[in-house]
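Below is one structure, written out as structure tokens, with a few remarks after it.
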Amino acid sequence: MSRFDWLSELLARCEDEHVLVRHGSATRLALVHLLDIDHEDWGRFAEVAQQQGCRWVALWADQIDADDFNIDVCFEYHGDYLVVRAPLAIRQPVLPSHTPWFPAANRPERHLQDMFGIAFSDHPDSRRWTRHQAWPEGQYPLRRDFPAGGEPTDDTPPDSAYPFFQAQGAGVYEIPVGPVHAGIIEPGHFRFQAVGETVLNLEERLGYVHKGIEKTAEGRDAAAAARLAGRVSGDSTVAHSWAACMAMERAARIGVPARALALRAVLAERERVANHLGDIGAICNDVGFAFALYQFSRLREDWQRLNRTVFGHRLLMDRVIPGGVAADIDAAQVDELLRQHSTLQAELDELIPMLDDNPSLEDRLLGTGVLTTETAAQLGVVGYVGKASGIDYDLRRDHAYAPYHRLQVESPLYHDGDVASRLKVRADEIGHALNLMEQLLSGLPDGETHIDWQAPASNAEGLGLVEGWRGEILCYVRFGEAGRVARFFPRDPSWLNWPALEQLIHGNIVPDFPVCNKSVNGSYSGHDL
Amino acid sequence: MNDWLLALIELILFVALAPLFSAWVKRVKCWLQNRRAPALLQPYRDLRRLFAKQVLLSHNASPVFRATPYIIAGATLLAAAVVPFISVNLPTAAIADVIVLAGFFALARFFLALAGMDVGTAFGGMGSSREMTISALAEPAMLMAVFTLAMVAHSTNLSTVIDQLLAQGLVLRPSLLFALLSLVLVGIAETGRIPIDNPATHLELTMIHEAMILEYSGRHLALIEWAAQLKLLIYGVLIVNIFFPWGIATSGSPGALAIASGVVFVKLLVLGVLLAVGETVLAKMRLFRVPAFLVLALTLALIGLLSHIILEVG
């Protein structure tokens, strides 16, 4: 495939817009092009990228010494990733905002504002985001002068002063929901403005499970950083640790044995299947169809029990390590896995038509929570949310990383963008994942499952990109002295998908919110970091 | 005197068996979903636990909020007294007719809706608003179904209605068939079962009945839960005893009573299975479909009434 054949076009556009590209490098961040620009050109570059038709992927900052930040933004175009970097002096931390061109940049920019004290001019909504009241205004946890253990504080004061969006008018009322919910789910606050039962506006308030992942990663060695990455979002533990390991291995320029790569893919696909099974049941349960919940929970439970017997952990946590995998399987276990595939396939062949043919379920799911292709493209959503709304993007196929480059990767695509489509994408992806695992397991390469880790030089950096079950996961790692991590930034797909929920709920009725939310199923933990 | 004693015993049985009926429905549902069911005594344990627990009241709670559980329990208890359970011609049947029965339910609902709004939480008000929307349509449908019965039996007294139907023998009356269908739909809506409401949900935004009682705890919650179980059983008994009255005791002799108890028990078991099957194969309806559902109930009742006038009179 021809990689980066569009880059010259983009550079020409830069020239037209007087954006000065100081360096371009295809090697400093392997597999990704890195462009260095001046911070004065930061805003104009967003305009260029938008004209080009790039998708906004991620934004992170890094304090490289006492006086300077590096600000990185990542774009994707036709399966190629481009990182644009600008230096920024800590004395005057102001940058033009990318949000006017890319709505997806909204919350990530506010995250940087809270964590680094970088102000974004022309930002349409500069309220705090990740910061609740755990640390005071004017303190920036990801700056170097902030202690790793945090400042000692008394009880965290209540966070009652957050300026929520207001709606006024006859018959408009407000429903605050969460962060404590009646079910055992993660905490998040949702503020509805409704007229009767129709939702006028929904505002999300996240950040209740901020754990300081980025800060705690600093100073860890590679193995500990991989373990931490596996805890960014517990349901995506394989994908996140794979992305982190990929980033670290690229930084250290280590090649991973073919057997380890194949096993990583098996683990990632097993994680995908488990989560999709759980979600299908949960979506149906949210419209009162409990039968599906119990059937799919049973399938998921069987699936995870085999995870435990074969790989040693129900959720496959800590199986992916820097340099390879921490689990190996023999021929008997391969047979056991394959047997489970056919059992699952047989069960699904019975269950999925039951869901498809149930008119009362159809009535609830069809046409509910529609995310149009235009809105989806504007927001840059990924994963099943995108695939249900006509966004045909799958990293495993379009930015094929090993071992997927040698496999036949199928990806479902629907255009209706409703809850039913998001359910169908999940059901299809289970089938495709089973196919992929069969390909992987039938041709499992021999050899080592991991190679010894070698600490990279100081300032070695790498970017990992993995298609998790929610969609594209990006992970940036820069090493410091003695092979210790200096900067770790995992970007969960939820950053891109949470804003879609605020859009797709418009015009729906309040009691349909839970099923819409479940169909998007953003990770709170992965987003709050 | 004996009659009063019998009526009292029947009422106590009625109230005591209500949680068991809910447990039975739940058990069948569990079986249909390939799950292991909780013990049939579980609702009783839950009630005992709730009665033992401390009552937590919101600072904003008014006397209405505190009185409501007792009003609901009282009104539902009175309603149960009016419905012939094992035998007809009890003295309690003379207290009130079926229109008053609907009135008892309306009274309980009125106070429940007030209590839902009383504390001022968003969910409570939301639940009250939904409940009133539903009841505004369910009540006329119920009354219409009841009027059909009344016209067939020339009485609004339930005991007399059953007597009349028994006396008429096994005649297939289209009017009664329509009234039955209508009453089943109304019963599902009024008792908050799937597809109208989901009693098992934890999703506040989708709740109707549960949203109004979210703020209740301890014995208050126990009374409301018990009343809800009782209401389900009342609708069950209404349906099986009016439309399938055979077996009900017309005299107070021990033999007839024993047979009648067995028969009504079996009828309720069957009804519970049907309810569970319905709840398993159906998803919950979108809230704005509920009016259509209830309009269907109203229409069925109206057709029942008309078919009585057209086909059966004269």
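For the reader, a short list of remarks on this structure follows.
- Selection within the range A:254-276 - part of a helix (DSSP H, G or I) and either among the β-branched types (V, I, T) or within 14 Å of chain B (Cβ to nearest Cβ) (or both): A:V266, A:V273
- Those residues of the range A:31-57 which are surrounded by fewer than 16 Cβ atoms within 10 Å (Cβ to Cβ) and either modelled with pLDDT under 85 or under 16 Å from A:F120 (Cβ atoms) (or both), in sequence order: A:E40
- Residue that is over 25 Å from A:L59 (Cβ atoms), among the aliphatic types (A, V, I, L, M) and in contact with a helix residue (DSSP H, G or I) (Cβ under 8 Å, 6 or more places away or on another chain), where the choices are A:I391, A:I430: A:I430
- Residue identified as in the same structural domain as A:Q51 (by TED's automatic domain parsing), more than 20 Å from A:P141 (Cβ to Cβ) and within 25 Å of the chain's Cα centre (by Cα) among A:P96, A:P87: A:P96
- Single residue of the range A:134-176 satisfying the filter (aromatic (F, W, Y) and part of a loop (DSSP other than H, G, I, E, B)) that is modelled with the highest pLDDT: A:Y140
- Filter result for B:V82 (within 30 Å of B:L13 (Cβ to Cβ), surrounded by 19 or more Cβ atoms within 10 Å (Cβ to Cβ) and more than 14 Å from every other protein chain (Cβ to nearest Cβ)): yes
- The conditions of being touching a residue at least 12 places away in the same chain (Cβ under 8 Å), in contact with a strand residue (DSSP E or B) (Cβ under 8 Å, 6 or more places away or on another chain) and either surrounded by 17 or more Cβ atoms within 10 Å (Cβ to Cβ) or closer than 23 Å to A:P108 by Cα (or both) are not met by A:A26.
- From the list B:A189, B:A167, B:A150, B:A179, the lone residue that is touching a Gly at 6+ places or on another chain (Cβ under 8 Å), of a type outside the set (D, E) and either at pLDDT 85 or above or surrounded by fewer than 22 Cβ atoms within 10 Å (Cβ to Cβ) (or both) is B:A179.
Rundown of residues vs (1) farther than 21 Å from A:R55 by Cα; (2) buried (at least 18 other Cβ atoms within 10 Å of the Cβ); (3) within 26 Å of the chain's Cα centre (by Cα); (4) within 14 Å of another protein chain (Cβ to nearest Cβ), yes/no style:
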position	(1), (2), (3), (4)
A:T343	yes, no, no, no
A:L371	no, yes, yes, no
A:I391	no, yes, yes, no
A:R396	no, yes, yes, no
A:Q408	yes, no, yes, no
A:R426	yes, yes, yes, no
A:E429	yes, yes, yes, no
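- Residue match in the range B:204-220 (condition: within 15 Å of the chain's Cα centre (by Cα) and away from chain A (no Cβ under 14 Å)): no
- Looking across B:G252, B:G192, B:G236, B:G247, one residue alone is part of a loop (DSSP other than H, G, I, E, B) and within 15 Å of B:L268 (Cβ to Cβ). It is B:G247.
- Boolean, A:L366 is within 13 Å of chain B (Cβ to nearest Cβ) and closer than 28 Å to B:V281 by Cα: yes
- For the range A:229-260, filtering for residues that are of a type in the set (D, E, K, R) and either modelled with pLDDT of 95 or more or under 12 Å from A:R319 (Cα atoms) (or both) leaves 0.
- Within the range B:10-59, if we keep just the residues that are away from chain A (no Cβ under 14 Å) and among the β-branched types (V, I, T), the residue that is farthest from B:L233 (Cα to Cα) turns out to be B:V55.
Let's see how each residue does on (1) among the aromatic types (F, W, Y); (2) within 14 Å of another protein chain (Cβ to nearest Cβ); (3) buried (at least 16 other Cβ atoms within 10 Å of the Cβ):
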| site | (1), (2), (3) |
| --- | --- |
| A:G278 | no, no, yes |
| A:G281 | no, yes, yes |
| A:N285 | no, yes, yes |
| A:N307 | no, no, yes |
| A:P322 | no, no, yes |
| A:Q340 | no, no, yes |
| A:S360 | no, yes, yes |
| A:A377 | no, no, no |
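- Candidates A:R3, A:R91, A:R13, A:R85: the one that is surrounded by fewer than 22 Cβ atoms within 10 Å (Cβ to Cβ), part of a strand (DSSP E or B) and among the charged types (D, E, K, R) is A:R85.
- Scanning the range A:177-213 for residues that are exposed (fewer than 15 other Cβ atoms within 10 Å of the Cβ), within 11 Å of another protein chain (Cβ to nearest Cβ) and assigned to a strand (DSSP E or B) gives a single hit, A:T198.
- Among the residues examined, A:N517 qualifies as within 28 Å of B:L205 (Cβ to Cβ), polar (S, T, N, Q) and either assigned to a helix (DSSP H, G or I) or away from chain B (no Cβ under 14 Å) (or both).
- Members of the range B:121-142 that are of a type in the set (A, V, I, L, M, F, W, C) and within 11 Å of chain A (Cβ to nearest Cβ): B:A122, B:F123, B:M126
- Answer residue from the range B:204-238, given it is hydrophobic (A, V, I, L, M, F, W, C) and closer than 18 Å to B:K29 by Cβ and is surrounded by the fewest Cβ atoms within 10 Å (Cβ to Cβ) among those: B:A228
- Given (1) within 14 Å of another protein chain (Cβ to nearest Cβ); (2) in contact with a Ser or Thr (Cβ under 9 Å, 6 or more places away or on another chain), index of the condition B:L257 fails: (1)
- Test for A:G169: is it small (G, A, S), without any contact (Cβ under 8 Å) to a residue 12 or more places away in the chain and away from chain B (no Cβ under 11 Å): no
- Scanning the range A:410-435 for residues being farther than 14 Å from A:T373 by Cβ, not small (G, A, S) and not in a helix (DSSP H, G or I) gives a total of 2.
- Residue within the range B:110-131 that is touching a helix residue (DSSP H, G or I) at 6+ places or on another chain (Cβ under 7 Å), over 24 Å from B:S217 (Cβ atoms) and surrounded by fewer than 22 Cβ atoms within 10 Å (Cβ to Cβ) present: no
- Lone qualifier among A:A251, A:A223, A:A243 - being closer than 26 Å to A:R487 by Cβ, touching a Cys at 6+ places or on another chain (Cβ under 6 Å) and in the same structural domain as A:V485 (by TED's automatic domain parsing): A:A243
Conditions (1) surrounded by fewer than 24 Cβ atoms within 10 Å (Cβ to Cβ); (2) small (G, A, S); (3) in a helix (DSSP H, G or I), marked per residue:
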residue: A:A486; (1), (2), (3): yes, yes, no
residue: A:N497; (1), (2), (3): no, no, yes
residue: A:A500; (1), (2), (3): no, yes, yes
residue: A:Q503; (1), (2), (3): yes, no, yes
residue: A:H506; (1), (2), (3): yes, no, no
residue: A:D512; (1), (2), (3): no, no, yes
residue: A:G526; (1), (2), (3): no, yes, yes
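The values are calculated or read from the model by the stated rules, or taken from the named source; none is laboratory data. If you're wondering where the values come from, they're calculated on a predicted model, not measured in any experiment. Because the Cβ atoms are built from the backbone with ideal geometry, glycine has one as well, and the counts that use them run over all protein chains shown.
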